[in-house]
Amino acid sequence: MGETTEQAVVAALEVALRDHGWLAASDPARLRATLSDLLGAHADEHRGALDAIVVSAQEGVPAELRSAGRSGAALLRADLVARLVDWGMSTDRAAWVVDAWQSLVPESTLDVPATAPPEPSPPMPAGAAATPGVTSLPPAASAPEPTELPPAADAPSADPSVEPSVEPSVEPSVEPSVEQPVEPVVTELPRIPPTSLPPQVLATSLPPGTGAEPVEVREPQEQTPREERPHDGEPTRRGRLPWIAAAVALVVLAGTGVAVALSGGDDDPTTTPGPTDSSTPTDSPSPTLQTLATGQVVAAPGADVPAAPARVAMGGRVAGVSVTALGEVDQIGTGDAARVAEDGAHLVGFTLSKGPCDATKCGDWKSLALRVSIDGKARALPKGGPTFVVAADQDAQVELVFSEAGFDQRVSLLTGDPTGENIEVLLRTNRQARGSDPKLMDVTISGTDLIVSRDRLVRFAGAKLYFFEKDVPGQHPQRPDRAYLRPDLTYTQPGSTFCTPSAPCAFVEGDVKFVAKGTSYACDDIFPSDPLTSTLVCVVPANVKTGTLVIEGASQLSSGGIAYTANLERTTFPVSFKR
């Protein structure tokens, strides 16, 4: 990956975050489209780096770095790089991606509004000096002495649907004197809901002759906080406390020294107004969990996956795989790392372990080229495990795929049912049959008088079922529902120096067959050139449980250049794989 590509993609990412905020990182599809637009005609040239950025967004890298902030991001670097490597990304690519996001994390994750809303001013005590920014009251002694509040001609009327919680009160008139100055009394009018305050200027008119000009208080503009993506496990900052209408009007009423304060507030008219901390969130909604993109497969060692209802496995020549747990899961991960399925999708989990094979000692499932198929589209199983989670549409078919010897083996990761060309005999727990006592077979010779008839002592030491012929690489039954049955069957000729107990002879092709449920299965010689080796093999149903080995017929033989026929007396041995 060239330096030019890195710089171009990081520059585009910086512009995307500046224009759309970090919320863009929570939507991988939107992020890909935005970066592609910014890169323009050169998007294909930077496809590798662009894909890495999008995958890291799917894996939650920017969300965790953003949540940790600039100071805490360095502590997460190693774990985030390892996560991307487990996904399948190279170490160098993963390190670059994490460093790219980290370089764009702002110094602070708090949004500070450009202008904080004004705090209501406390009542001014009598005799206090004027403070800049506060309208001072004229001396009460210079005002007339009205006995009731005059109407404010230009003030907006309150919403009639809101009943004032505090009635305006007028203190009894006090005769002003030098010894006893008049102290203004501040009375708070009912808090007016946002719908009752018009957007125009709020004004309070003074009675004529007071000598004071009307005080205009303009409603402050609502501060719109910068859009920010909520972090997992942290309440969403909804901006600062909304100021629907905030105004303070100090009105000097003639003769009474009464100051009336009109202030805007929140929706609750009974709440006592007071200073508002603009940094305090107004609510704490539930955190928004990240989603696992539909079609993605990840290693999830801690996922809570239901146990498999029965044995679910697929076998191979030297290794196999078992699925010990499978089914839907609610989420993967916890806290900030928790992820759920997208709308209309669900998460399917499964746990793998060593499975059956045709070797004496089976290898680990990790040596197999396992894949996950979603509606027929297969993808490689990522590194890690043994538990994995795949995100798929609710009605999608999700399968584990293991191809062996040209057979496309599959199992459903929702039900555990076999759905492909699964090799059946390798799933059997018992593939061995015991032998039985030897039997004497009567043999007669025809076609020549030079060969003396000799009886045979037949020994059946047992039989086995299997699929892959280890003595002939690449040889196996043509159907996955079939199996090889090899009987350990030999004979000796008492009183002869040929076919002795130390060097028994084997039957030839055509002498032996296997009969099960009325059907005969011929046993063929896979090494017909070696008459001293028992290489007869019968192709039988993979689910066969019992049957009978039958030895009979007329064998065409030769000895010393003399051809003859050996007529074998029918001899049988029971075979059982029930154990």
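Expressed as a whole percentage, what fraction of the accessible surface of segment 278-390 belongs to carbon and sulfur atoms when a 1.4 Å probe is rolled over the protein heavy atoms? C and S fraction of accessible area: 51 percent. For Leu557 and Thr360, the difference between the fully extended length at 0.36 nm per residue and the C-alpha to C-alpha distance is 67.3 nm.
Can you compute the FRET efficiency between Thr548 and Ala378 using 1/(1 + (r/R0)^6), with r the Cβ-Cβ distance and R0 = 30 Å? Round to the nearest 0.05. With a Förster radius of 30 Å, E is 0.10. Normalised by the number of residues in segment 423-551, the mean separation of alpha-carbon contacts (under 8 Å, six or more apart) gives a relative contact order of 22 percent.
Computed from label points 7 Å out along Cα-Cβ, the spacing between Ser436 and Ala405 is 2.9 nm. Ordered by solvent-accessible area of protein heavy atoms (1.4 Å probe), largest first, the residues Asp437, Asp455, Asp449 come out as Asp449, Asp437, Asp455. Accessible-area rank, largest first, for Arg30, Arg456, Arg431: Arg30, Arg431, Arg456, with all protein chains present and a 1.4 angstrom probe. In the complete set of protein chains, residue-level accessible area for Ser520 is approximately 70 Å², probe 1.4 angstrom. Treating r as the C-beta distance of Glu107 and Thr429 and R0 as 45 Å, the FRET efficiency rounds to 0.10.
Would segment 311-431 count as rounded, prolate or oblate if I go by the C-alpha gyration tensor, calling it rounded below 1.5 in a/c and otherwise prolate when a/b exceeds b/c, oblate otherwise? Cα axes put segment 311-431 in the prolate bin. Figure legend: label point modelled 7 angstrom from the Cα of Arg32 along Cα→Cβ; residues of segment 57-76 with amide N under 19 Å from it are 57-63. Once the C-beta distance of Thr497 and Lys470 is scaled by a Förster radius of 30 Å, the resulting FRET efficiency is 0.35 to the nearest 0.05. With a 1.4 Å probe rolled over the protein heavy atoms of all chains, the accessible area of Ile526, Ile53 falls in the order Ile526, Ile53, largest first. Taking 0.36 nm per residue of separation and subtracting the Cα-Cα distance, full extension of the segment from Asp19 to Ser367 would add 120.6 nm. Among the listed pairs Lys361/Lys383; Lys361/Lys464; Lys383/Lys470; Lys439/Lys513, those whose Cα-Cα separation exceeds 21 Å are Lys361/Lys383; Lys383/Lys470. Modelled label positions at Gln478 and Phe527, each set 7 Å beyond Cα in the direction of Cβ, lie 2.5 nm from each other. In plain terms, the chain from His42 to Lys578 could stretch by 186.3 nm, reckoned as 0.36 nm per residue minus the Cα-Cα distance.
The values are calculated or read from the model by the stated rules, or taken from the named source; none is laboratory data. Every value quoted in this text rests on a predicted model; they were computed, and no experiment measured them. Heads up, the Cβs are rebuilt from the backbone with ideal geometry, glycines too, and the neighbour counts pull from every protein chain shown. When the accessible area is computed, the model is the full protein with side chains, heavy atoms only, and any ligands, DNA or RNA have been set aside. Shrake-Rupley method; radii C 1.70, N 1.55, O 1.52, S 1.80 Å.
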